[in-house]
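Enquirer: The structure's right below; bear with me while I get my questions together.
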Amino acid sequence: MSYHIVSIDSPQCSLSCKDGQLTCRVDGEEGLRTIPLEDVASIIITSFSATVHSKLLIEAARHGIALILCEAFQPVSIMLPANRSTDTLLTRAQLDITGREKETLWRRTVNAKTKNQLLLAQHLAPNDPKLDELRKIVAGGHEHKEAMAARTHWGIFGRALEIPDFTREREMGGVNALLNYGYAVLLSTVLQKLFGVGMDPTFGIFHATREKATPLAYDLMEPFRPCVDWRVAQWVRKCQRETPGAPPILEVSKAFRAWVTAFPLEKVDYLDMTIEIRGVIEGVVRSFRRAVLEHKPTLYHPWTPNSIKWAGC
């Protein structure tokens, strides 16, 4: 398949094609941005007011390019060429993943997630008495490693933000509501990339399949959750500074939504590179796709920072 996943997020732009080139004209800018259609695997449109010319739809179909339309960054429509309604080889490979391969892929995912939680905890609270416990959990191979690490991580997270009784509960407000919103943004970004490389997110490796669920997206987003945790921690500390001596108002406000929605554009370390989080997510998804196609779980490279200190967001 072609390599580039083109993301269109300019507030107002016009998309078309000419002489085999995808063209994008942004309101207020001179000239056209172009890229050869033959180099494009998919086009993800998150812009809320983009204009798409019918000629592009036809040429994209001829080149086997998927167009993914998003609302609030969540994919809501996928337009595929008639002869590419499904990638049979990839779908069969996803269905044929063995139990042992799933175990290996999930173990690599959990190891990356817990390592990232440890790195964030060390950055937020370098003197917390529970850090040694978290280090032992991360270094070990306990059957319930993810749950054990999460429990310790959230304790350190709460104390670092001067919320000593903090517990992670999806149905609660305050910090939990902020985390929920941030994770929704992360999930949308992962879904965009999965659709972009032609993977069906309904076939997961750990999370259960249920109606209208996307378990593979939930699986692959796990190592990136600490990115959201760090983003939320920064916001909470900002609110605390602005209301000294009084509890801060922690709600999913317009300002918070703008703050957390921008985190996929922040840069992190990955495989000897420093690139935007959304680029890292694409790299991870591509490595997972290759691991599935070749039945080699070691080709899957979930994200962990290369530097010894937290490098997230």
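Enquirer: Using 29 Å as the Cα-Cα cut-off, could you pick out the over-long pairs in Lys102/Lys130; Lys238/Lys267; Lys113/Lys193?
Expert: Lys102/Lys130
Enquirer: Against the longest alpha carbon principal axis of the chain, how many degrees, from 0 to 90 and to the nearest 10, is the axis of helix 99-124 turned?
Expert: Around 60 degrees separate the two axes.
Enquirer: Leaving out same-chain residues fewer than 8 places away, which lysines sit with a Cα under 18 Å from that of Lys55?
Expert: Excluding near neighbours in sequence, the set is Lys18.
Enquirer: Return a whole-number percent for the relative contact order of the chain, with Cα pairs under 8 Å and 6 or more residues apart as the contact set.
Expert: 16
Enquirer: Which GluC sites (Glu not before Pro) does the range 146-243 hold that lie in a coil by DSSP with at most 14 other beta carbons within 10 Å?
Expert: Within the range 146-243, the qualifying GluC sites (Glu not before Pro) (loop, at most 14 other Cβ atoms within 10 Å) are Glu162, Glu169, Glu171, Glu211.
Enquirer: Add +1 for every Lys or Arg and -1 for every Asp or Glu among the other residues with Cβ under 10 Å from the Cβ of Lys18, and state the total.
Expert: Net local charge, Lys18 excluded: -1.
Enquirer: Which loop trypsin sites (Lys or Arg not before Pro) in the range 168-208, with loop taken from DSSP, have no more than 11 other Cβ atoms within 10 angstrom of their Cβ?
Expert: Those that pass, being in a loop and sparsely packed, are Arg170.
Enquirer: If I take R0 = 30 Å and measure r between the Cβ atoms of Glu103 and Gln234 in this structure, what FRET efficiency does the formula 1/(1 + (r/R0)^6) give, to the nearest 0.05?
Expert: For R0 = 30 Å, the calculated efficiency reads 0.25.
Enquirer: Just to be sure I understand, if you calculate Cα extents along the principal axes in Å for this structure, which of (i) 63, 46, 34; (ii) 63, 49, 38; (iii) 59, 45, 34 do you get?
Expert: After the calculation, the listed value that fits is (ii).
Enquirer: Helix 175-196 versus the longest principal axis of the chain: what angle, 0 to 90°, nearest 10, using Cα atoms?
Expert: Helix 175-196 and the main axis of the chain meet at about 30 degrees.
Each reported figure results from applying straightforward, stated rules to the coordinates on display, with no laboratory input. Computed from a predicted structure; not experimentally measured. All Cβ positions, even for glycine, are placed from backbone atoms using ideal geometry, and neighbour counts span all protein chains on display.
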